[in-house]
Amino acid sequence: MTLRAYWACAAVFCFLASPARAAGIQLLDSDPSLAGAIWYPCAAEPQRVPLGKLTMDFIDSLQGVKDCPVTGTKLPLIIVAHGRGGWFGGHDDVEQALADAGFVVAAINYPGDNGADRSLSESLFTINARPANTIRLVDFMLNVWRDRAAIDPARIGFFGFSAGAYTGLILAGAEPDFLEIASICTETNKSLGCEQFRSGNIPPAPPHDSRIRAAVLADTALNFMFSPASLAAIRIPLQIWRSELGGGGVDPKNSALTANRLPGNPEVRVVPAGHFAFLPPCTPQAATKLARLCTDPPGFDRIAFHHDFDARIVGFFREQLVGKGDAR
């Protein structure tokens, strides 16, 4: 894998199928640096919610109930982080499943690294900015969001895919080694990230967030930046998912190394498919236009997998943030 190849891989932001659930939705559309949505428990029938100025290519609505009153108190908060070039609703099935199970869920488009704006996707500083932007979102949810009183600040979790999973490792305490980029920044690699590296324009150490108490990470990207020592400070419970076939800039051998190096003997699940299997099942239209993102190995049922995937994520966060009972 080259650094340019990784920067060029986008987590899907297109029209993907997801089940109908009773999730309330509030859109975050007043601050471009926190453009996204909040999902939460809601006692109403779901419908289509127009995205307005948050509309992405091929996506102009999400399933839910717009501005429905929040049901419940002392609810756990889960932050969802999309992959490189993705968008805040790119894991809508996970977001809706968690909200339907009694969690508040928040996700944003990472500035300069999303489906509508790739201006910073090749910059090394995006690697540093993602954790910082996630911390800003947590601050907003706990201190500014109009329904912040419904959140229990002692019960915060994180779900991330690809570059979002990398972000979760950093927030949990990992220290990436930027010098490891040297092995892939050959003279012929003229990507912005490699040019920054060669000129010594390297970001400072990214921030961590001790408020996050548990994390689910799917197909972590940039695994070459992590050694056993750089992962040693992680102390929170983790549920790790990795693809057997990789793709999208993720080498399955490197993702396996990272999973095996994590302290605390975390739960690790291997999926007999490629990187993009962690994205929701595609509609027939998407499967035609986005075959690379929608094609799975023979015998792999993405719909059935996501039923299990969503349920196991909900179960993990219930156990780690709530206990063995219902989150409501």
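Structure above, values below:
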{"item": "Test: residue in the stretch 317-327 that is crowded, with 16+ Cβ neighbours inside 10 Å, of a type in the set (A, V, I, L, M, F, W, C), closer than 30 Å to Glu175 by Cβ and modelled with pLDDT of 95 or more", "result": "yes"}
{"item": "Tally of residues being at pLDDT 95 or above, part of a helix (DSSP H, G or I), over 18 Å from Ile170 (Cα atoms) and more than 17 Å from the chain's Cα centre (by Cα) across the stretch 254-288", "result": "0"}
{"item": "Residue list for the stretch 272-328, restricted to those being in contact with a strand residue (DSSP E or B) (Cβ under 8 Å, 6 or more places away or on another chain), farther than 23 Å from Gly85 by Cβ and among the small types (Gly, Ala, Ser)", "result": "Ala327"}
{"item": "Every residue from the stretch 51-87 that is surrounded by 14 or more Cβ atoms within 10 Å (Cβ to Cβ) and on the phi > 0 side of the Ramachandran plot", "result": "Phe58, Gly64, Gly72, Gly85"}
{"item": "When residues of the stretch 38-49 are limited to those that are in contact with a Leu (Cβ under 9 Å, 6 or more places away or on another chain) and more than 20 Å from Phe140 (Cα to Cα), the one surrounded by the most Cβ atoms within 10 Å (Cβ to Cβ)", "result": "Val49"}
{"item": "Residue within the stretch 248-255 that is free of Cβ contacts under 8 Å to residues at least 40 places away in the same chain, surrounded by fewer than 16 Cβ atoms within 10 Å (Cβ to Cβ) and out of contact with any strand residue (DSSP E or B) (no Cβ under 9 Å at 6 or more places or on another chain) present", "result": "no"}
{"item": "Meets criteria (on the phi < 0 side of the Ramachandran plot, without any contact (Cβ under 8 Å) to a residue 12 or more places away in the chain and surrounded by 14 or more Cβ atoms within 10 Å (Cβ to Cβ)) for Pro237", "result": "no"}
{"item": "Some residue of the stretch 102-123 being touching a helix residue (DSSP H, G or I) at 6+ places or on another chain (Cβ under 9 Å), crowded, with 24+ Cβ neighbours inside 10 Å and over 28 Å from Ser243 (Cβ atoms)", "result": "yes"}
{"item": "Test: residue in the stretch 89-105 that is touching a strand residue (DSSP E or B) at 6+ places or on another chain (Cβ under 9 Å) and farther than 26 Å from Ile303 by Cβ", "result": "yes"}
{"item": "Total residues in the stretch 192-243, condition of a type in the set (S, T, N, Q), modelled with pLDDT of 95 or more and assigned to a loop (DSSP other than H, G, I, E, B)", "result": "2"}
{"item": "Residue match in the stretch 294-307 (condition: of a type outside the set (Val, Ile, Thr), closer than 25 Å to Met225 by Cβ and in contact with a Leu (Cβ under 8 Å, 6 or more places away or on another chain))", "result": "no"}
{"item": "Condition broken by Glu95, with the remaining ones in (1) in contact with a Ser or Thr (Cβ under 8 Å, 6 or more places away or on another chain); (2) closer than 21 Å to Val314 by Cα; (3) among the acidic types (Asp, Glu) satisfied", "result": "(1)"}
{"item": "Odd one out for Glu195, checked against (1) among the acidic types (Asp, Glu); (2) closer than 19 Å to Ser119 by Cα; (3) buried (at least 21 other Cβ atoms within 10 Å of the Cβ)", "result": "(3)"}
{"item": "Qualifying residue in the stretch 289-299 (condition: under 19 Å from Gly168 (Cβ atoms), loosely packed, with under 15 Cβ neighbours inside 10 Å, among the charged types (D, E, K, R) and free of Cβ contacts under 8 Å to residues at least 24 places away in the same chain)", "result": "no"}
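The values are calculated or read from the model by the stated rules, or taken from the named source; none is laboratory data. Fair warning: this is a prediction, and the values are worked out from it, not measured in the lab. Glycine gets a Cβ as well: all are built from the backbone with ideal geometry, and neighbour counts include every protein chain shown.
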